[in-house]
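> Questions regarding the structure given below will be posed in turn.
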Amino acid sequence: MNYELSITRDIPFADLKICLFRCWTEPELLKQWFCPKPWRVTDAEIDPRPGGRFNSTFAGPEGEEFPNHGSFLEVVDGEKLVFTSALLEDWTPVEDLFSNEQALPFVGTITFEDLGNGNLRYTARVAHWSAADRDRHAAMGFEQGWNAALDQLIELSANDTGPSDSE
């Protein structure tokens, strides 16, 4: 059974690999691109390690807010991030995950692959627990939204050449 949605794009700047990764793992950078405009991220808490938190709050143009809580399952510096909405920090299960109609349980995998020809392959795969969840995520505009956010991520990364605050 395939309950996955995905996007894959080749980006003609392999040297953006580290910047793209930083934009996923540093809260102040994530806030600048993670939602397709006019939506925005108003808060982000990120601890990029297995079991570390991956929380954000989305705000819509009408003032609506959607908190998102999750954790990282795997972090390979500069190459791969795996996160889930089914667990909170330190492997704590989300209590009402399957009884909450608003919840959208998934596991997201983001990979950054240097193709060796000056291009970088960016892949975002989102695996859902059911066909219904996958279809609901698709109907919410997964492909359009994740591609718009990726465009914003590429633009931010292309303009971000400085070292991380944590370096």
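The values are calculated or read from the model by the stated rules, or taken from the named source; none is laboratory data. No experiment lies behind these values; they were computed from the predicted model shown. Here the Cβ positions follow ideal geometry from the backbone for every residue, glycine too, while neighbour counts run over all protein chains shown.
> Taking segment 23-63, which residues are more than 20 Å from ALA148 (Cα to Cα) and touching a Phe, Trp or Tyr at 6+ places or on another chain (Cβ under 9 Å)?
Passing the criteria: GLU45, ILE46, ASP47, PRO48, ARG49, PRO50, GLY51, GLY52, ARG53, PHE54.
> Anything in segment 39-56 that is outside any loop (DSSP other than H, G, I, E, B), surrounded by fewer than 17 Cβ atoms within 10 Å (Cβ to Cβ) and touching an Asp or Glu at 6+ places or on another chain (Cβ under 8 Å)? List them, or say none.
Going residue by residue through segment 39-56, those that are outside any loop (DSSP other than H, G, I, E, B) are 40-46, 53-56.
Imposing the further condition that a residue be surrounded by fewer than 17 Cβ atoms within 10 Å (Cβ to Cβ) reduces the set to 40, 42-43, 45.
Hit for segment 39-56 is THR42, nothing else.
> Taking the stated definitions as given, is GLY60 small (Gly, Ala, Ser), modelled with pLDDT of 95 or more and buried (at least 16 other Cβ atoms within 10 Å of the Cβ)?
On the way: small (Gly, Ala, Ser): yes; modelled with pLDDT of 95 or more: yes; buried (at least 16 other Cβ atoms within 10 Å of the Cβ): no.
When the stated conditions are applied, GLY60 does not pass them.
> Among what's in segment 18-68 and is over 15 Å from the mean Cα position of the chain (by Cα) and of a type in the set (D, E, K, R), pick the residue that is nearest to PHE142 (Cα to Cα).
Only one residue tops the list, namely LYS37.
> Also, I was wondering about something else. Do you know which of the residues in segment 115-139 that are of a type in the set (A, V, I, L, M, F, W, C) and without any contact (Cβ under 8 Å) to a residue 24 or more places away in the chain is farthest from ASN2 (Cα to Cα)?
Checking each candidate, the answer is ALA139.
> Would you please list the contacts, defined by Cβ atoms under 7 Å and residues six or more apart or on different chains, that run from a residue in segment 66-90 that is farther than 22 Å from GLN102 by Cβ and crowded, with 19+ Cβ neighbours inside 10 Å to a residue that is of a type in the set (S, T, N, Q) and modelled with pLDDT of 95 or more?
LEU73/THR84
> What are the residue pairs meeting all of these: first residue in segment 31-43, first residue aromatic (Phe, Trp, Tyr), second residue in a loop (DSSP other than H, G, I, E, B), Cβ atoms under 9 Å, and 6 or more apart or on different chains?
TRP39/GLY60; TRP39/PRO61
> Still on this model: Just checking, which of ALA103, ALA139, ALA132 is more than 17 Å from LEU29 (Cβ to Cβ), small (Gly, Ala, Ser) and surrounded by 13 or more Cβ atoms within 10 Å (Cβ to Cβ)?
Matching residue, one of ALA103, ALA139, ALA132: ALA103.
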